[in-house]
Each structure stands twice: as structure tokens, then as C-alpha cells.
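The values are calculated or read from the model by the stated rules, or taken from the named source; none is laboratory data. Since this is a predicted model, take the numbers as computed values, not measurements. Methodologically, a virtual Cβ is constructed for each residue, glycine included, from the backbone with ideal geometry; neighbour enumeration extends over all protein chains shown.
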Amino acid sequence: MPIAIREVMKWRRCLYASITLFIALACIDMACAQGGPYENDENGMPFIPKKVGPFTFKNPVKIDPFWQSQTNGSLQIKNLKIAILDESYSTDTIKSFNWLFKLFPGDAEFLALRGAMQLDAGNLKNSLEDLDAAIKLERECGTAFLYRSIYENKLGFNQCSKADAQKALPYLPFDPANPLDLYDRAVLLSLAGKTKDKKLHFQRVIDNIPDTEQVHWMVLRAKACLEMGELSQALRYIDKALSIGRDCERLHYLRACVNRIQGKNEDALSDLNKLLAAHPDHMLGQRLKGEILNKK
């Protein structure tokens with residue numbers, strides 16, 4: 001074969017190879033833009049929508065003007081924490097967390113807060129997986145250590161809980177004017193065994209809560225009162241939250257805990273039955289109900 005023809009065929013093969021490579025790279029780029037092989041989670045929720053917009057809940061949480069001076073990043077974190085207190089989240093919100101974390105894959109804080117929401121929803125296995133993953137992603141994620149400490153405390157692993165609380169102390173985000181941060185820090189100091197006057201810290205939380213009758217602030221007051229041992233006050237705030245909130249069945253777990261401490265086991269069981277009727281997979285509710293029934 002003449003040299004000229006061989007050269008032409010050689011360049012033709014190079015051209016075909018270049019075109020093939022270009023097409024392959026274009027396909028990969030399109031797949032990545034649409035989420036690639038990880039486009040959907042197990043519930044079919046896109047991790048990365050075609051239009052990337054702000055994080056929203058199914059029923060958006062209204063942020064108090066109290067937060068408007070905060071930076072956008074801080075505002076998002078506070079929005080998520082309020083949603084947990086507000087009990088306004090749903091399966092769709094958990095899916096939205098998946099979407100949000102995929103948009104910010106290096107942010108362990110969002111993953112830790114998803115773990116906190118899973119814990120509040122009674123999904124213990126998913127909660128622990130998220131918290132462990134957040135810690136693996138960022139060894140200085142105070143929020144993840146805090147909620148893992150709370151998780152361990154709820155299950156009776158007191159030494160592990162104390163160790164994680166102590167690890168969280170240097171790293172937990174803290175704004176002394178923010179009641180959400182004050183509450184987290186008060187819980188943390190209590191779990192870490194670093195406070196002699198537990199009541200003082202939780203009273204500071206109540207003193208800094210905005211004077212409004214919104215569900216999340218009622219729940220925060222109730223939780224602070226419960227920590228201080230003021231059970232009647234805690235019940236009053238829980239009842240108020242249930243009367244003004246929608247889809248707040250998970251608050252029945254908090255009221256059941258208060259009734260259980262007061263020795264009102266029948267009332268506690270009534271609350272747990274309401275909780276489990278709406279959320280049959282709530283493992284903390286199942287656990288508490290089993291403990292009460294076993295002691296009858």
C-alpha cells in the first residue's frame with residue numbers, strides 16, 4: 001500500500017477516535033449534570049434538580065424577623081433546627097435533606113442535622129448512620145458529636161454519651177443570643193458532666209426565647225422546662241404547641257416522656273398510641289411503650 005494512502009487512513013482513524021472520545025465525554029458530562037448514577041435516592045428523589053434553588057420544606061417554615069440579621073448559611077442551619085422543633089417535617093423533608101447534602105457534599109453540618117431529624121423521627125438506624133458519616137467527613141463537627149451523644153443517652157449508653165459530649169464541646173457552633181444554640185450548649189454541658197447548676201443554663205434558654213406563640217418556641221420552652229424538672233410547665237407548653245400546630249403527632253412522644261416521669265403511665269400510653277398510629281416506625285416510641293407495658 002502506498003505511503004500516502006497509509007497516512008490518510010492513519011489520520012482518519014485518529015479523527016474517528018477523537019470524535020468517539022468527544023461524544024463519550026459529552027455523555028459523561030450530561031450524566032453528571034443530571035445526577036449521574038446517583039441521580040435519585042431510594043425514594044426516587046432527585047439529589048440535584050435541573051434548577052438548583054433554595055432549600056425549602058414541603059410546608060415552608062416561617063423564619064422570625066429575629067433571624068433576618070444572620071448570614072445566609074446561619075439562616076439555613078437555624079431553619080433546619082426550627083423545623084425539627086416545629087415537627088413540620090415529613091418524608092419529603094428527609095428527601096430534601098438528601099438533595100441539600102448532595103448540593104453541598106462537603107458540609108457535615110447538614111448531614112448531622114439530617115441525623116438529628118432522623119433521631120427525632122425515631123429512625124435510630126438512619127440517624128446513627130448520618131451522625132457517624134458526618135463525623136467521618138469532619139472530625140470537628142460538634143453538631144454530629146452532640147446528637148450522637150443524645151442518641152447514646154436515650155439508649156442508656158451513658159459513658160459513650162459523656163465521651164461524645166466532651167468531644168463536641170470545643171467545636172459546637174455557639175451564639176449566646178440564639179436560644180437554639182443556648183439549648184444545645186445547655187444539653188451538651190449536662191451530658192458532658194460540666195455543669196453544677198443545670199437549671200441556670202436552661203433558664204437562660206427560656207429567657208432568650210422570643211415572646212411569640214409559635215410551635216417551635218413552645219416546644220423549646222417545654223424541653224427546657226423538662227430538663228429543669230418543671231414538669232407541669234413542660235406539659236402546659238406541649239399542650240399549647242399541640243393546640244396550635246398541625247401534623248405534630250411526634251409531640252406526643254415528648255408528652256409521653258413527661259407523663260412517664262410523673263408516673264402517669266396510662267396517660268403516657270395514650271400519647272404513645274397516638275404517636276404510633278401516625279408514625280408506626282417511631283422506634284423510641286415503640287421502646288418507651290414496651291418499657292411501660294413490661295412494668296405493668
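Annotation: Tyr147 fulfils all but one of (1) out of contact with any Gly (no Cβ under 8 Å at 6 or more places or on another chain); (2) within 25 Å of Leu284 (Cβ to Cβ); (3) in a helix (DSSP H, G or I); the unmet one is (1). When each of Tyr147, Tyr237 is tested for being buried (at least 22 other Cβ atoms within 10 Å of the Cβ), in contact (Cβ under 8 Å) with a residue 12 or more places away in the chain, out of contact with any Cys (no Cβ under 8 Å at 6 or more places or on another chain) and closer than 25 Å to Leu288 by Cβ, the lone residue that passes is Tyr147. Look at Ala112 and say whether it is touching a Gly at 6+ places or on another chain (Cβ under 7 Å), modelled with pLDDT of 65 or more and part of a helix (DSSP H, G or I). It is false that Ala112 is touching a Gly at 6+ places or on another chain (Cβ under 7 Å), modelled with pLDDT of 65 or more and part of a helix (DSSP H, G or I). Only residues that are at positive phi and among the acidic types (Asp, Glu) were counted across segment 225-281, and they come to 1.
If you check Asn273 against the conditions, is it over 24 Å from Tyr183 (Cα atoms), touching a residue at least 24 places away in the same chain (Cβ under 8 Å) and among the polar types (S, T, N, Q)? No: the conditions fail for Asn273. Among the residues of segment 214-229, at least one is over 17 Å from Lys81 (Cα atoms), surrounded by fewer than 17 Cβ atoms within 10 Å (Cβ to Cβ) and modelled with pLDDT of 90 or more. Mind checking whether some residue in segment 219-232 is touching an Asp or Glu at 6+ places or on another chain (Cβ under 7 Å), more than 23 Å from Pro280 (Cα to Cα) and in a helix (DSSP H, G or I)? So far as segment 219-232 goes, no, none of its residues is touching an Asp or Glu at 6+ places or on another chain (Cβ under 7 Å), more than 23 Å from Pro280 (Cα to Cα) and in a helix (DSSP H, G or I).
Number of residues in segment 216-261 that are of a type in the set (Asp, Glu) and closer than 24 Å to Leu189 by Cα equals 2.
Each residue in segment 189-216 was checked for being without any contact (Cβ under 8 Å) to a residue 40 or more places away in the chain and either farther than 22 Å from Tyr151 by Cα or assigned to a helix (DSSP H, G or I) (or both), and 18 of them qualify. Within segment 114-144, the set of residues being out of contact with any Asp or Glu (no Cβ under 8 Å at 6 or more places or on another chain), small (Gly, Ala, Ser) and buried (at least 21 other Cβ atoms within 10 Å of the Cβ) comprises Ala116, Ala121, Ser127, Gly142.
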